[in-house]
Amino acid sequence: MKATIDKEKCVACGACVDACPQGAITVDEEIATVDDRCNLCGLCVDACPEEAIGLPEVRGPKTEGIDAYRGVWVAGEVDGGGVHPVTHELLGAGRRLADKLGVELAVVLMGQGLAAGARDLIGCGADRVYVVEHPGLVPFTDEVHAKVLVELIQAKRPEILLAGATATGRSYIPRVAAALRTGLTADCTGLDIGEDRLLYQTRPAFGGNVMATIICPNRRPQMATVRPRVMRKPGFDSGRQGVVEPFTPGPAALASRVKVISSVKDAQDTTPLTEADVVVTGGRGLQKAENFKLVRELALLVNGAVGASRSVVDEGWMPYSHQVGQTGKTVSPKLYMACGVSGAIQHVVGMQGAEIIVAVNKDPHAPIFDVADYGVVADLFEFLPALTKKIREERGEG
Amino acid sequence: MHVVVCIKQVPDSKNVRIDPDTNTLVRQGVESIVNPHDWYAVEAALKFRDATGGKVTAITMGPPQAEEALREVLALGVDEAALLTDRAFAGSDTWATSLTLARAVAKLAPVDLVICGKQAIDGDTAQVGPEVAAHLDLPYVTYVRRLELVEGSRLRAERITDLGYEVVETPLPALVTVVREIGDPRMPGLKHKMRSRKQQIPVINAATLGLKAEEVGLQGSYTKVVRVFAPPPRTNREMLDGSVEHQVEALLKRLREARVPGL
């Protein structure tokens, strides 16, 4: 199969040739031709000014009883006994979708000692909280959580399931999607309901250089993950009414082949990278490991996290767990401050989801300035201490 | 032990972008590379084989030219390779891709361990590894940075989490996805390089895997891309000039106007 060209509409302008990443389209004086390299990515379809290009339809078999699937669900995330903030953020997004569809919004909590957390989620917008409590759910394993969630979904049939794109969500949710034989869209940054009642899921691809909107027309539930901090946390209404409904999974669901032997939290005095509102990142411009204290001091002061570029991790100045970028972590904080980071694309793809990017570099031509909202050409060793000092002074900490 | 490592040939994504004026994909200078995360998967597979004995088979699904990616990893010492290629595979989403890969793993049986990179840099979904495991009903461990065989039959793995790391154990066969900390890939050796050029790479198509055309590729996919566009451009960048004191004040003022918490 390949993209199809409408002979009547094609004017041989060549826009599709430039758009095709496979180099699969050629154009002569009259018409464009698609060859076997076409992988049906669809980029030519959007590029064509004449609307002359089409793709064959997705025809996967429909989920049985597809119209009986109703309601929007959030797969809640529990860590260390508390509900992860991404769950609240997803309830904000889920509420909007549920209202648009005119259906119930439910959230699933799996673990132990969840009663207080469950009621709290009703205040955040949930109409119903499914609570699954069992010792087999702690510590978290992909296998048990996936099987329990699959069982619950098969019993209740929601049309949409949202989950956090945390390390946990990205690990077990694909198993849920595969078991249910449905589509899953990772790391969505936009979610909306179309006139056809379908979930329109928008996500970055190619390291954020391209955005794609994706649907799952024939299977249910429609599943999407969303990174923490992408959706806004909803307000809390203590007067909201909702139902807490316990669910007991079958014994087979509670067995995991993978056993957790030990679980260790990194000893760090700063906020974890993926959860911080502010990330202060140091690059090679810091010149040596000891100078990371300038970055750390600022991060601590604003309750932020410390990030590191790949090159400083390679130098051994910071551990890998702090690396931001293609082979490290992807972050989307409110503020990302890149200090002495040149801004190689492999770094940028890990942070361009930040709301505000500040670049501090003494080289005015550093590529990091191309993605920055605010650029500061300055010597780090003057600027960082001055910034830290100013914040301290204003707080009366002199 | 038989280790299968799944790799993907991807466009070098740093060069892929959409021209916001024309809304077309700019592909100037875009070459195909082995997905960077897959080099770590290959290294993990080779290390595991070197420690336990056995062989490593690399598989990839893609157009015929994806064979180059397999030759690149054969040059590092991977023992065998298979290319999954078929016109019917085109347009696969993660479901269809993982189904195809899973069938190929089953065909290579007996397989003790499947290793994937944590994600591919074109789609960044991190879904294919876990979905392959689901199709084969294998236990799996994601984001692995250390791997060892204990008592000849179980796998002990250290996996990173958002807050630290976990040590887990699983029986074999199993699937793992690995991160960079597992170790940087070795350099190609001369002997392997010579071999990699000549080695026969079997080609596997949908029929060989017992898959019908409607089960794979775009037809077998559950998700559909309906629109592709350029991300909203960052609003005009502002350079904060003047003395360091001025720069500090100007920055704080703007960050506070934007209500950045902690300032």
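Residues checked against (1) closer than 26 Å to A:Leu91 by Cβ; (2) among the aromatic types (Phe, Trp, Tyr); (3) assigned to a loop (DSSP other than H, G, I, E, B):
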site: A:Arg232; (1), (2), (3): yes, no, yes
site: A:Phe236; (1), (2), (3): yes, yes, yes
site: A:Thr248; (1), (2), (3): yes, no, yes
site: A:Arg257; (1), (2), (3): no, no, yes
site: A:Thr271; (1), (2), (3): yes, no, yes
site: A:Glu290; (1), (2), (3): no, no, no
site: A:Ala299; (1), (2), (3): no, no, no
site: A:Ser321; (1), (2), (3): no, no, no
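Within segment B:29-55, residues that are at positive phi sit with their Cβ atoms under 6 Å from residues that are surrounded by fewer than 18 Cβ atoms within 10 Å (Cβ to Cβ) and modelled with pLDDT under 95, at 6+ positions apart or across chains, in these pairs: B:Gly29/B:Asn15.
Of the strands (runs of 3 or more DSSP E) that lie entirely inside segment A:1-84, not one contains 1 or more residues that are of a type in the set (Gly, Ala, Ser) and at the interface with chain B (Cβ under 9 Å from one of its Cβ atoms). Reported count of residues in segment A:195-206, each being more than 9 Å from chain B (Cβ to nearest Cβ) and touching a strand residue (DSSP E or B) at 6+ places or on another chain (Cβ under 9 Å), is 3.
Considering B:Lys212, B:Lys253, the condition of being over 26 Å from A:Asp46 (Cα atoms), out of contact with any strand residue (DSSP E or B) (no Cβ under 9 Å at 6 or more places or on another chain) and modelled with pLDDT under 95 is satisfied by B:Lys212 alone. Filter segment B:4-19 for residues that are within 11 Å of chain A (Cβ to nearest Cβ) and not in a strand (DSSP E or B); which is modelled with the highest pLDDT? If we take residues in segment B:4-19 being within 11 Å of chain A (Cβ to nearest Cβ) and not in a strand (DSSP E or B), then B:Asp12 is modelled with the highest pLDDT.
In the set A:Gly350, A:Gly396, only one residue is within 23 Å of A:Val230 (Cα to Cα) and either in a loop (DSSP other than H, G, I, E, B) or of a type in the set (Phe, Trp, Tyr) (or both); that residue is A:Gly350. Across segment B:176-191, the number of residues qualifying as surrounded by 14 or more Cβ atoms within 10 Å (Cβ to Cβ) and farther than 30 Å from A:Ser311 by Cα comes to 0. Where strands (runs of 3 or more DSSP E) fall wholly inside segment B:90-205, the ranges with 2 or more residues that are more than 26 Å from B:Pro64 (Cα to Cα) are B:140-150, B:154-160, B:164-171, B:174-178. Pairing residues of segment B:208-232 that are within 28 Å of A:Cys48 (Cα to Cα) and within 7 Å of chain A (Cβ to nearest Cβ) with residues that are crowded, with 21+ Cβ neighbours inside 10 Å and of a type in the set (Phe, Trp, Tyr), at Cβ distances under 7 Å and at least 6 apart in sequence or on separate chains, gives B:Gly217/B:Phe89; B:Ser221/B:Trp95; B:Tyr222/B:Trp95. Selection over segment A:207-234 of residues that are at positive phi and either touching a helix residue (DSSP H, G or I) at 6+ places or on another chain (Cβ under 6 Å) or within 11 Å of chain B (Cβ to nearest Cβ) (or both) gives a count of 2. Residue pairs, Cβ under 6 Å, 6 or more apart or interchain, first in segment B:137-159 and among the polar types (S, T, N, Q), second in a strand (DSSP E or B) and at pLDDT 95 or above. List them. What qualifies is B:Thr142/B:Thr177.
The values are calculated or read from the model by the stated rules, or taken from the named source; none is laboratory data. All figures in this text were calculated on a predicted structure; none of them were measured in a lab. Here the Cβ is made from the backbone with ideal geometry for all residues, glycine too, and neighbour counts use every protein chain on show.
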